[in-house]
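Report on the following structure.
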Amino acid sequence: SRMNRFSPSVPAEEYLAESNVLFYLSDAVTQLLEHKEEYTQFGVIRYFAEYFSSVKNSNHVLFREFSYIRATPHNRASFLRVFWRCYRQIGKSGDLLSMLEYRSLLQLLCPDFPVEMVQSAARIVLMDDAIDCLMSFSDFLYAFQLQFYYQEFLDSVLVIYQDLLAGKSPNTVIVPTSTSIEQLPSVAAEENDKEEQQQDGVEPSVFSQCIDDLCDRFKHSFPSRSSMREILEQTEKVSYYSFLMSLAKDESINQTIGALPSKAELLIDPEMDQELDKLIAQISVSPGSNSSGSAVGALKEVQRKASPRRNFHHRRRMEVESDGSTEETDSSEN
């Protein structure tokens, strides 16, 4: 549960650490210093107001670097929501895409998004199938949400699972402490373990106890213990990826993260539908427009509408790099 910043029982230092206020303040100052010539025209007060408004409205992660979008739980949830809103039409059309195609979509929103993260999400969906199989948008989205939001926890769970497969005692399981993306288990290592995972799996009760012990000392976010226990109580043997697939489908975990709607409501977004209808109408009546150019323009417009208050730096940069006009292109956005 979130801390109440007005509660006298919560020390200021604890609240600041929990809310990541100092992280955002540091980033805001860094962005200001790096692009101060752009922002001087509009004033520092307006800049900070725009920055923190975008953070509050979850639109601050669009086109930012990977280290930024994964830096806080709020950033991760915000990026998940942006991804869903930008590409919901894929699910609505029923298209199936490959892992590489989903990676390309993610890199349109975050240019340095690592392929390893996408591969890990794809393995949750495909489990024992080939990594290049096609996936529905909804299947990939909820698996990606689990992998992206709880990455550090899942890395630690994988280490526990591999140790149990190797016959180690639960008391000797070593949990990694690094949270670096470079410390993710290698794709080759996962492939080498796959056959063993298929054949064996582990004892759910032992696995559950080890996970419970991990939660006692884990400093990052993790799914609810009750949800994990309930999943593990329903099977006699469990593999790593079947466990993750069950977590990805768990609605209570989805609600806890708070970024995505339920699967039943995943394709419903009336505001975006209205914007898309307008764009389609504009394209269909535009005389002499070439279809590819119109499609590209439509995608950019959809992304703009998905983020009504983009991060201030990106917006100003787009204005400065335009045809020289100083008119604010986003002045109508709320």
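Annotation: amide H-H contacts under 5 Å for Val238 (H modelled 1.01 Å from N, sequence separation of 5 or more, or interchain): Val202. Evaluate the Debye formula for region 18-134 with equal point scatterers sitting on the alpha carbons, no solvent, and hand back log10 of I(q)/I(0) at q = 0.11, 0.15, 0.19, 0.23 Å⁻¹, in q order, two decimals. The Cα Debye sum returns log10 ratios of -0.47, -0.77, -1.05, -1.33.
In order along region 53-60, the Karplus-derived 3J(HN,Hα) couplings, from 6.51 cos²θ - 1.76 cosθ + 1.60 at θ = phi - 60°, round to 5, 5, 5, 4, 8, 6, 10, 7 Hz, and Gly and Pro are given as x. Largest first, the residues Asp132, Asp155 sort by 1.4 Å accessible area into Asp132, Asp155.
Derived scalar couplings between HN and Hα for region 86-96 equal 5, 10, 4, 4, 4, x, 5, 7, x, 5, 10 Hz in order, rounded to whole Hz, by the Karplus curve 6.51 cos²θ - 1.76 cosθ + 1.60 (θ = phi - 60°), x for Gly and Pro.
Close amide H pairs (under 5 Å, H built 1.01 Å from N) link Leu96 with no residue at least 5 positions away or on another chain. Each Lys and Arg Cβ is given +1 and each Asp and Glu Cβ -1; about its Cα centre, region 3-118 then shows a dipole of about 500 debye.
Taken over the C-alpha atoms, region 1-86 has Rg and Dmax values of 14.4, 43 angstrom. To the nearest 10, the accessible area of Cys210 is 10 Å² with a 1.4 Å probe. Given a 1.4 Å probe and the protein chains as shown, Lys249 ends up with an accessible area of around 150 Å². Rolling a 1.4 Å probe over the protein chains gives His74 an accessible area of about 60 Å². Shown for region 63-111 is the translational diffusion coefficient from the Stokes-Einstein equation, using the Kirkwood radius over Cα pairs, a temperature of 37 °C and a viscosity of 0.692 mPa s: 285 µm²/s. Averaging the Cα positions of each part gives two centres, and for region 216-284 and region 38-77 these lie 25 Å apart.
Karplus-derived 3J(HN,Hα) values for region 75-83, using 6.51 cos²θ - 1.76 cosθ + 1.60 with θ = phi - 60°, are 5, 5, 4, 5, 5, 4, 5, 4, 4 Hz; glycine and proline are entered as x.
The values are calculated or read from the model by the stated rules, or taken from the named source; none is laboratory data. Bear in mind the structure is a predicted one, so any value in this text is a computation, not a measurement. Note: ideal-geometry Cβ built from the backbone for every residue, glycine included; neighbour counts use all protein chains shown. SASA here: full protein model, heavy atoms, side chains in, ligands and nucleic acids out. Shrake-Rupley method; radii C 1.70, N 1.55, O 1.52, S 1.80 Å.
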